[in-house]
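See structure below.
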Amino acid sequence: MKSSRSTSVPKAMQATYDAVVALTDAFCRNHLNEEYRDLARAMTAALCRKRPSPLTSGQPRTWGCGIIYVLGQLNFLADKASKPHMTMAEVCIAFGVGQSTASAKAKVISDALRTNRMDPTWMLRS
């Protein structure tokens, strides 16, 4: 099923989008599922469309980790009852990013997109 969320990005941000999405796609394929992959793509695109985009500085892997970190928090990924389940520390280890760095990126992302718990924009359909 195709996601209704936009993944269009400005031409100037296409390379950044591709770099981050390559990392989040691989992570979701190995550890999570297609729903998380689609949300990560949409969140990356939304961040690329921001003016100025926070993704213009920093490494793609730290942004990829931050995006999964935010989505994991919003969708209770660390809750043992959820499927899939991973702790935020495990997410950070998989990306090779320190937890304080991931947490800082997650805050920037949350602030930029004004995310909050139970926001249907970033919730898994399942």
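The values are calculated or read from the model by the stated rules, or taken from the named source; none is laboratory data. Bear in mind the structure is a predicted one, so any value in this text is a computation, not a measurement. Heads up, the Cβs are rebuilt from the backbone with ideal geometry, glycines too, and the neighbour counts pull from every protein chain shown. Only protein heavy atoms, including side chains, enter the accessible area calculation; ligands, DNA and RNA are left aside. Shrake-Rupley method; radii C 1.70, N 1.55, O 1.52, S 1.80 Å.
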In order through the stretch 52-60: 3J(HN,Hα) via Karplus (6.51 cos²θ - 1.76 cosθ + 1.60), integer Hz, x for Gly, Pro: x, 6, x, 6, 6, 10, x, 8, x
For the chain, accessible area per residue (1.4 Å probe, heavy atoms of protein chains only), Å²: 54
Efficiency of FRET from Cβ geometry, ALA26 and ARG117, R₀ 35 Å, rounded to 0.05: 0.80
Under Karplus coefficients 6.51, -1.76 and 1.60, residue-wise ³J(HN,Hα) of the stretch 107-117 in Hz, glycine/proline x: 5, 4, 5, 4, 5, 5, 9, 6, 6, 8, 4
Whole-angstrom gap from the stretch 44-84 to the stretch 95-126, using each part's C-alpha centre: 5
With at most 12 neighbouring Cβ atoms within 10 Å, loop trypsin sites (Lys or Arg not before Pro) (DSSP) excluded, longest segment of the chain: 3-79
Rounded to the nearest 20 debye, dipole of the stretch 1-92 from Cβ charges on Lys, Arg, Asp, Glu: 300
Inter-label distance, nm, simple model (7 Å from Cα along the C-beta direction), ALA94/ARG51: 3.5
Rg(Cα) / (2.2 N^0.38 Å) computed for the chain, rounded to two decimals: 0.95
